[in-house]
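The structure under discussion appears below in the form of structure tokens.
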Amino acid sequence: MREQLRLPLLSRVPAWIWVTIDAGVALFFAAVFVGLAVSRNPSAPGALDYAAALATGLPIAVRRLWPRAVFVIVLVGGLGMREFFIPHADLLCLPLVLYTLATRGRAVAALLVAAAVAAQGVLAPPLTTVVRDQLGLALAIVVAAWATGTAVYQRRRYTEQLAAQAEERARARAMAERLRIARELHDVIGHGLGTIAVQAGVAGHLGGAEEMRGALTSIEETSRSALRETRRLLGVLREDGEAELAPAPGLADLGALAERTRAAGLEVELKIDGEVEGEMELTVYRIVQEALTNVLKHAGARHVRVRVERQGDGLVVEVVDDGTRGPARPYGHGLTGLRERVRVLGGEFEAGARPLRGFRVMARLPL
């Protein structure tokens, strides 16, 4: 059975205490009703009288477990005990069970049945003032029990909806964070390994020691840079806060990125005219990094032009190469990640083949 939400103070009470309380209340009511059957019966009570008294009180012990069944049993038992009640209606156990039923859902039918039974037990000709007062009291108790239970039910539903919405928001934030980390890892590892693979391939065709030493030095610098950024990302995931966090790369690191790309055999023309900060600076770096990685791996280009320029109230980031103009380059998730980055910042992203030769990646970011 689904656990019921309670007020913060009541939620601290263990379930077995509630069961114990209900059992004590049930025994008390059963004893009272048996006493009424004995004291107010003009003759010795029979088995049906005892059965009615016990059926009216004892089921209260399990009212939280089977409220519908308990409601029916208490209703029938109260009909057998009505002659011993003043007025002739069960205004103790029946309202309590009706309240319990209303806390589990809409109990309009149960309300109508309980009100009809209470009214039928009280109404008697002639319709005196006392009868009218007793009828009003009986109906007021029944309706009040149902209204209180319904209010508790509505509050529980509202609390459950708030909890569900909070869980959904937390799940969405976790998903967004996973996507962000996945994009970061793709950009860092993809660029590092892609550049290293190209440089290693070039080194395999070099004959001189100096050229070989330069290629290996470039591979070392690229691997160290990728390792630093990977450690930065892993440090963000640590919960103890003891990781040494390196600063995120930005515009100042584009020169080093261009140098590593040149060492891989690609001519890079870099132009920076504008400044940004925070997440946008990291986004600009990742756009250039991913574009250069794709040019190295797939384009077969010799020259690439990188432009970071402020235009009006926005920043334009453009990477254009002179590689092959194939119908599609196997970029995988790289461009998708860039589009997501740019969309989060409210910008525009374009990527596609140029009319004659090469490929162009361009993003407009609002400032």
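The values are calculated or read from the model by the stated rules, or taken from the named source; none is laboratory data. The model shown is predicted, which means the values in this text are computed figures rather than measured ones. Note: ideal-geometry Cβ built from the backbone for every residue, glycine included; neighbour counts use all protein chains shown. Remember, those area values only see protein heavy atoms, side chains included, never the ligands or the DNA or RNA. Shrake-Rupley method; radii C 1.70, N 1.55, O 1.52, S 1.80 Å.
Of all residues in the stretch 352-367, those that are in contact (Cβ under 8 Å) with a residue 60 or more places away in the chain have Cβ atoms under 8 Å from Cβ atoms of residues that are assigned to a strand (DSSP E or B) and aromatic (Phe, Trp, Tyr), 6 or more apart or on another chain, in ALA363/PHE349. If you go through the stretch 339-365 and keep only what is aliphatic (A, V, I, L, M) and assigned to a strand (DSSP E or B), you end up with ALA351, ALA353, VAL361, MET362, ALA363, LEU365.
Quick check, is VAL25 in contact with a Gly (Cβ under 8 Å, 6 or more places away or on another chain) and either at pLDDT 85 or above or exposed (fewer than 10 other Cβ atoms within 10 Å of the Cβ) (or both)?
Numbers: in contact with a Gly (Cβ under 8 Å, 6 or more places away or on another chain): no; either at pLDDT 85 or above or exposed (fewer than 10 other Cβ atoms within 10 Å of the Cβ) (or both): yes.
It is false that VAL25 is in contact with a Gly (Cβ under 8 Å, 6 or more places away or on another chain) and either at pLDDT 85 or above or exposed (fewer than 10 other Cβ atoms within 10 Å of the Cβ) (or both).
Flag: ARG329 matches the condition of being modelled with pLDDT under 80 and under 30 Å from MET175 (Cα atoms). If you go through the stretch 83-112 and keep only what is open to solvent by 30 Å² or more (accessible area, probe 1.4 Å) and within 31 Å of the chain's Cα centre (by Cα), you end up with ARG104, ARG106.
Go over the candidates THR293, THR324, THR336, THR283 one by one and state the one that is surrounded by fewer than 19 Cβ atoms within 10 Å (Cβ to Cβ), part of a helix (DSSP H, G or I), among the hydroxyl-bearing types (Ser, Thr, Tyr) and out of contact with any Ser or Thr (no Cβ under 6 Å at 6 or more places or on another chain). First the steps, then the outcome.
On the way: THR293 fails: surrounded by fewer than 19 Cβ atoms within 10 Å (Cβ to Cβ); THR324 fails: part of a helix (DSSP H, G or I); THR283 fails: surrounded by fewer than 19 Cβ atoms within 10 Å (Cβ to Cβ).
Result: THR336 is the single residue among THR293, THR324, THR336, THR283 that is surrounded by fewer than 19 Cβ atoms within 10 Å (Cβ to Cβ), part of a helix (DSSP H, G or I), among the hydroxyl-bearing types (Ser, Thr, Tyr) and out of contact with any Ser or Thr (no Cβ under 6 Å at 6 or more places or on another chain).
Taking residues in the stretch 58-77 that are free of Cβ contacts under 8 Å to residues at least 40 places away in the same chain, and partners anywhere that are open to solvent by 30 Å² or more (accessible area, probe 1.4 Å) and β-branched (Val, Ile, Thr), the pairs with Cβ atoms closer than 6 Å and at least 6 places apart or on different chains are PRO59/ILE73; ILE60/VAL25. Out of curiosity, is LEU127 at pLDDT 90 or above, over 22 Å from PRO67 (Cβ atoms) and open to solvent by 60 Å² or more (accessible area, probe 1.4 Å)? For LEU127, the condition - at pLDDT 90 or above, over 22 Å from PRO67 (Cβ atoms) and open to solvent by 60 Å² or more (accessible area, probe 1.4 Å) - is not met.
In this structure, does ARG238 turn out to be modelled with pLDDT under 75, surrounded by 14 or more Cβ atoms within 10 Å (Cβ to Cβ), out of contact with any Asp or Glu (no Cβ under 6 Å at 6 or more places or on another chain) and not aliphatic (A, V, I, L, M)?
Details: modelled with pLDDT under 75: yes; surrounded by 14 or more Cβ atoms within 10 Å (Cβ to Cβ): no; out of contact with any Asp or Glu (no Cβ under 6 Å at 6 or more places or on another chain): yes; not aliphatic (A, V, I, L, M): yes.
Taking the combined requirement at face value, the residue does not satisfy it.
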